[in-house]
Amino acid sequence: MHPSGLREAKKAATRKALARAVLRLSIRDGIEHVTIDAVAAEANVSVRTFHNYFGGKEDALLHFVDSLLDSVIERSEARPAGESFWCSVRTALIETATSLDVGEPAEIVALLRLLDTDPALTARTRDIDLDQTFEARLAQLYDRRGQRADAMYPHLVVHTAITTARVALEYFVARSERAAHASGGSMPPVLSTVLESAFDQMSAGLGRPVPLLNDLADASHKEP
């Protein structure tokens, strides 16, 4: 790899490590109690290094969100041209959620909950106009996948898929935590299976549960 490429890769790795450090500490202590000193110590860098990358802890968390969106968009764009838009977005979200590069499922779930509930984080998303930035990037995705940005369909696909992935991740994390605390060696669910079954359900409609979704529910209620 060219030296400049190595430098950029190292910067990206440092940025990701700092963002994940902020998230880990936010999960443990609450975001309001997280200090930049603590983040720097967690990531094994100096406070000055942190400020070289981010203006504050909220910016670090929003970088995490940004990297998730980047992954979904890039993976969607890489799908075969003849594939349906729904299948492309579905595959991209599943690949992103199961990728070791983006973080643990529990971290992603915690991040999404922080976005919903933390006033400072919500205010920061407004300050940088994050919603408009996301919509602009999604519009580019629609165009590259042959979808009209002014039509309802691509918006419905993307936002339904994101909600489906989030519900599946929350289900997985909750069941995994239950299995970890159960006696008798209860087995946690498999993340890819949970995600696939959730998307199968959405593809089939919500009139009745698909068999695999029933199987997952039954397994979660079995006595160890």
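Just so you know, the Rg over Rh for segment 13-122 is 1.04, from Cα atoms, with Rh as the Kirkwood radius. Taking all protein chains together and rolling a 1.4 Å probe, LEU156 ends up with roughly 100 Å² accessible.
The residues of segment 1-112 have, on average, 50 Å² of accessible surface per residue, using a 1.4 Å probe with all protein chains present. Rolling a 1.4 angstrom probe over the chain with all protein chains present gives an accessible area of which 54% lies on carbon and sulfur atoms. Coupling constants for segment 43-54 follow from the phi torsions by the Karplus curve (6.51 cos²θ - 1.76 cosθ + 1.60, θ = phi - 60°), and in residue order they are 8, 6, 9, 7, 4, 4, 4, 4, 6, 5, 10, 9 Hz; glycine and proline get x. A dipole drawn for the chain from +1 and -1 charges on Cβ atoms has a positive end, and of ALA92, ALA78, MET202 the residue lying farthest that way is ALA78. Over the chain, dividing the summed -39,500 (n - 2.57) contributions of all DSSP H runs of at least 4 residues by the number of residues returns a 222 nm mean residue ellipticity of -24500 deg cm²/dmol. Considering only alpha-carbon pairs that sit under 8 angstrom and 6 or more positions apart, the relative contact order computed for the chain is 16 percent. Give me the Debye-computed log₁₀ of I(q)/I(0) at q = 0.15, 0.17 Å⁻¹ for segment 92-161, equal point scatterers on Cα only, no solvent, two decimals. These q points yield log10 I(q)/I(0) values of -0.69, -0.86. For the Cα trace of the chain, dividing Rg by the Kirkwood Rh returns an Rg/Rh value of 0.99.
The values are calculated or read from the model by the stated rules, or taken from the named source; none is laboratory data. These numbers come from a predicted model, not from an experiment. Note that we place each Cβ from the backbone using ideal geometry, even for glycine, and neighbour counts take in every protein chain shown. These area figures cover heavy atoms from the full protein model, side chains too; ligands, DNA and RNA do not enter into them. Shrake-Rupley method; radii C 1.70, N 1.55, O 1.52, S 1.80 Å.
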